[in-house]
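Below: the structure, in structure tokens.
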Amino acid sequence: MPVLHPEDVARSHDRARVATARAHGRTRLVAWLLIGPGLLAMLGENDGPSMISYATDGATYGIGFFLPFTVVLFALAYICQEMCMRVGAVTHRGYGQLVLQRYGPVWGWFGAGDLLLTNVVTLVSEFVAIRVGLAFFHIGAPVAAALGVALVALTAAGGRYRRWERVALGLAVFNALFLVAAVMVRPDMGAVGHAFATFNPLPGGDLHTVLLLVASTVGATVTPWMIFFQQSGSADKGLTARDVNHGRLDTAVGAVAAAVFGCGAVIVGAVLLTHNGASLRGLSGAGFPGALRTVSGTGVASVFALGLIEAGAVAILTISASTAYAAGECIGVGHSFNSGPRRAAVFHSANIGCALVAAVVILIPGAPLLQIALNANVLATVLLPVSLLFLVMLASDRGLMGSHVNRRATTWLGMAVVIVVGFCGLAYGIDSFLQAVHLIPSTS
């Protein structure tokens, strides 16, 4: 007789609440109970490096191209994340587990290795973002390191996915601070409307810088960890095929909110366009909070700094969780927040361990934190196409997905995203290589 694991029992309690709410026609309560993975994937991707990337776009080139470009990228992110949610809800299995089972251990472990590399680099940049935000308030790096690790440990200690999710969602709400900062700088709404109406062409100037910012902005919107997190989170939450429409709503709301807040960061950064903003590289020295204090006052700078702290904190939670899911799924052991450390030792060790490693790195004297932070999103862009390709293949597998298989249009859109992301990463990589071998002039 099959053994019912404690994590299955925990999910059954959550499913019972959903069933009861549905039976009584309480649609709002059903939506509230099912919301979570999509919002967290999208708002978690509005992390420290991403918001710095958006602000750098505005500070370097203004809002003309990058404001609508950010919205387009989140539309592409929705296409990818909707597939993640749907595959997780229908199969009840995470991304790493499915790739391992459908395509073999070589590709399964390749995906996990890809994820581990990008996650460690990105986690370091999240701690750097928290460090920069706290430094504005004269709080040192050890506090940033301790805060991030303690947050991961305490949220996982609840022993339930639902508790972990609600804490993370509560923190994610404060991503709206970037919109608040945008309102505080009093942007020209006519210029904002014109940017969306005209979608200016790609800005001119130094090609290497343009490619860096485009690749970084793409990597700020769609990353490997989001794929692992949302599919595994949907399975851990206990979503079923019946919940797919709610999952789409969850993901769409997250995409819209993240796009709005990301655009807020672009607008805030654009304030520095005429104040030598192009010379900023975000996390060097006082970075954006210090520059904003000079141009727009302490209030705007403080809100932006608090936003960086929030963005880094939420991303540390979600990125660490995606690492833990991948580790448990690939090894074939317990991988759920509904299981305690004894039943899911690998999962919880990976969750806390990767955050701890990143925290230690930011405390190393002379560590190249700036280079790590600035290239985290670019690395995600370069390594993302393989993960996206497997996602499209899984969602298009009729034997796996049944009636919830991708429509032909969705498959083509998914492949288009793979091509766009791959092209952006390849173009920047080729340009960097040609500079490195001195076939074209270096701009560094």
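Where a number appears in this text, it was derived from the coordinates with a stated rule and is not lab data. This is a predicted model, so every value here is computed, not measured. Please note: Cβ atoms are built from the backbone with ideal geometry, for glycine as well, and neighbour counts cover all protein chains shown.
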Residues Met85, Met189 arranged by fewest to most Cβ contacts within 10 Å: Met189, Met85
Taking the Cα centre of the chain as the origin and placing charges on Cβ (Lys, Arg +1; Asp, Glu -1), which of Gly328, Leu179, Cys80 is farthest toward the positive end of the dipole? Gly328
Based on the Cα coordinates of the stretch 35-436, what is the per residue volume of their convex hull in Å³? 128
Could you give me the ³J(HN,Hα) list for the stretch 148-154, computed from phi with Karplus coefficients 6.51, -1.76, 1.60 and θ = phi - 60°, whole Hz, x at Gly and Pro? x, 5, 4, 5, 5, 5, 6
Counting only other residues whose beta carbon sits under 13 Å from that of Asp397, what net charge do I get with K and R as +1, D and E as -1? +4
Using the Karplus equation 6.51 cos²θ - 1.76 cosθ + 1.60 (θ = phi - 60°), what ³J(HN,Hα) coupling, rounded to whole Hz, does each residue of the stretch 299-314 give in order, writing x for Gly and Pro? x, 4, 4, 5, 5, 5, 5, 5, x, 4, 4, 4, 4, x, 5, 5
From the C-alpha gyration tensor of the stretch 31-136, square roots of 5λ in Å: 29, 19, 15
Net charge around Leu151, counting only other residues with Cβ within less than 12 Å of its Cβ (Lys, Arg = +1; Asp, Glu = -1)? -2
With Cα atoms, 0 to 90° folded angle of helix 189-198 axis to the chain main axis: 70
Taking a ≥ b ≥ c as the square roots of the Cα gyration tensor eigenvalues, with a/c under 1.5 meaning rounded and otherwise prolate when a/b beats b/c or oblate if not, the stretch 68-115 comes out oblate
Around Leu98, under 12 Å between beta carbons, what's the net of Lys plus Arg minus Asp minus Glu among the other residues? 0
Can you give the charge dipole size of the stretch 43-171 about its Cα centre, rounded to the nearest 20 debye, using +1 on the beta carbon of Lys and Arg and -1 on the beta carbon of Asp and Glu? 520
Kirkwood-based Rg to Rh ratio, the stretch 284-356, C-alpha trace: 1.28
Residue by residue through the stretch 240-251, the couplings from Karplus 6.51 cos²θ - 1.76 cosθ + 1.60 with θ = phi - 60°, in Hz, x for Gly and Pro, are 10, 4, 5, 9, 4, 5, 5, x, 5, 4, 4, 5
So, with +1 on the Cβ of K and R and -1 on the Cβ of D and E, and no other charges, what is the size of the charge dipole of the chain about its Cα centre, to the nearest 20 debye? 1280
Among Gly262, Gly48, Gly299, which one shows the highest mean-square fluctuation when the chain is modelled as a Gaussian network with alpha-carbon springs under 10 Å? Gly299
For the chain, built as a Gaussian network whose Cα springs stay under 10 Å, the top-fluctuating residue of Ala355, Ala270, Ala195: Ala195
Burial ordering of Cys330, Cys84, fewest other beta-carbon atoms within 10 Å first: Cys330, Cys84
